[in-house]
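These notes are about the structure you will find just below.
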Amino acid sequence: MRRVAVVRFPGSNCDADTLDAARDAGSDAYYVWHRDRDLQQADVVILPGGFSYGDYLRSGAIARFSPVMAAVTAHARAGGAVLGICNGFQILGEAGLLAGALMRNAGLRFLSRPVRIRVEAVDTPFTLAYRRGEELVLPIAHGDGRFVADERTTAELEAEGRVVWRYVGDNPNGSTREIAGICSAGRNVVGIMPHPERRTVPAVGGTDGARVFLSLEAAHATQHAGDVRAVGGHHPGLC
Amino acid sequence: MVAYRVEIRVMPRAALLDPQGQAVGHALHALGFADVGDVRVGKHLVLRVEAPTPDAAATRARAMCDRLLANPVTEDYELQVESA
């Protein structure tokens, strides 16, 4: 069972859904207030969606300096898994933990509707329970979702397979190369604009988002199996 | 220490799509201002900064822009210092 810290900022509003999704997937999930400096031995940190600090100045620009972010950055630099959903993605971009930035939607309107996305990378802690190329339907709910990065950065993301999700068919916000989510060079820090936590039970319209959270426990189980194999490797005939 | 008035202009990078600027441009054309070309929308910030000299105030303001007020990925900034 993984310890999953869900960080709450003033203005977070997807924190409860995110906590529920992680708990339903079997994780030991708990809240951390943005003024806390201790992640309480978290294995995984999730920055949920919302409108931290009212999106003043730029989305995520002020939250990125919250006291908790020093611990989140240290966790990420040490290789720990971090997921930013929607506003969380914006905060990770502002913090420099993910490349690029999320700008005003090309159509200027706040968009709240389901979109189709394709899973492009399954070698991250949050996507390993998916199949590469699989298409999902997840809701978006954002005004600033247009992913922007300079050409060099975009080429680097593509070359290193760091585009994790891409919009399919319709690019709702004008994102560069239909990018809906990316990961860091170390692949442990991941950001996504659509909301997987809003599609984890059939009663709310689908379960396409559930495996983002189930991936965490699957990663843990695989890691564990790896440890067992490593130990077992001393016995000839095993493996 | 003297109080200075620092005016900072933050603009979206020229190479980036500025949908707000485009929408304002279209509205101006619709109103008959056919002479309007490109329109870009940015932010204007006015700060009161205590510093020993105008140069020191500008240096401090640049540090503020680099850390918080402008996003280096998407925005450029210019600033001007006047005595308050």
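Each value in this text was obtained by applying a stated rule to the coordinates, not by laboratory testing. Keep in mind that what you see is a predicted model, and the values were worked out from it rather than measured. Counting neighbours? That spans all protein chains shown, and the Cβs are built from the backbone with ideal geometry, glycine included.
Just the number, please: Stokes-Einstein D of segment A:19-118 in µm²/s, Kirkwood Rh from C-alpha pairs, 10 °C, 1.306 mPa s.
Working: Rh = 14.6 Å.
It comes out at roughly 109 µm²/s.
Separation of segment A:85-160 from segment A:196-214 is 18 Å, based on Cα centroids. Extents of the protein assembly as shown, taken as max minus min of Cα coordinates on every principal axis and listed largest first, are 79, 50, 36 Å. In plain terms, if you count all Cα to Cα distances in segment B:2-83 and split them into 10 Å steps from zero, the share in each step is 18, 36, 25, 17, 4 percent.
Return the tail of the calculated pair distribution for segment A:76-176, meaning the percent of Cα-Cα pairs more than 18 Å apart. Percentage above 18 Å: 51.
Order these peptides, A:126-135, A:51-60, B:30-39, by their mean beta-carbon neighbour count within 10 angstrom, highest first. Working shown, then result.
On the way: A:126-135: 16.5, A:51-60: 20.6, B:30-39: 9.3.
Top of the packing list down: A:51-60, A:126-135, B:30-39.
Summary of the geometry: segment A:33-69 and segment B:1-37, compared by the centres of their Cα atoms, lie 31 Å apart.
What does the helix-only formula give at 222 nm for chain A: each DSSP H stretch with n ≥ 4 adding -39500 (n - 2.57), the total divided by the residues, and the result rounded to the nearest 500 deg cm²/dmol? The partial results should precede the final answer.
Working: 5 runs with 60 residues, N = 239.
Mean residue ellipticity, 222 nm, calculated: -8000 deg cm²/dmol.
Across segment A:107-120, coupling constants 3J(HN,Hα) worked out from phi with the 6.51/-1.76/1.60 Karplus curve, θ = phi - 60°, read x, 6, 8, 5, 10, 9, 6, x, 10, 9, 10, 10, 7, 9 Hz, and Gly and Pro carry x.
Just counting partner chain Cβ atoms within 10 Å, what average do the residues of peptide B:3-16 show around their Cβ? List each step's numbers first, then the result.
Details: counts 0, 0, 0, 0, 0, 0, 0, 2, 0, 3, 2, 0, 3, 6.
Counting Cβ atoms of other protein chains within 10 Å of each residue's Cβ and averaging gives 1.
For chain B, what is the calculated [θ] at 222 nm in deg cm²/dmol (nearest 500), taking -39500 (n - 2.57) for each run of four or more DSSP H residues and dividing by its residue count? Walk me through the intermediate numbers first.
Values: 2 runs with 23 residues, N = 84.
One gets -8500 deg cm²/dmol as the mean residue ellipticity at 222 nm.
Residues A:Arg152, A:Arg118, A:Arg35 in ascending order of nearby Cβ atoms (within 10 Å, fewest first): A:Arg152, A:Arg35, A:Arg118.
Highest mean packing comes first when the peptides A:177-183, A:20-26 are listed by Cβ atoms within 10 Å, giving A:177-183, A:20-26. Calculate how steeply helix B:54-64 sits against the longest principal axis of the alpha-carbon atoms of chain B, using the helix alpha-carbon long axis, and give the answer as 0 to 90 degrees to the nearest 10. Between helix and principal axis, roughly 60 degrees.
Please list the helices of chain A that count as membrane-span-like by this rule: a mean Kyte-Doolittle hydropathy of at least 0.0 together with Cα atoms stretching 18 Å or more along the helix axis, each helix being a complete DSSP H run. The partial results should precede the final answer.
On the way: long enough: A:210-232 (33 Å, 0.24).
Those that pass (Cα extent of 18 Å or more, hydropathy at least 0.0) are A:210-232.
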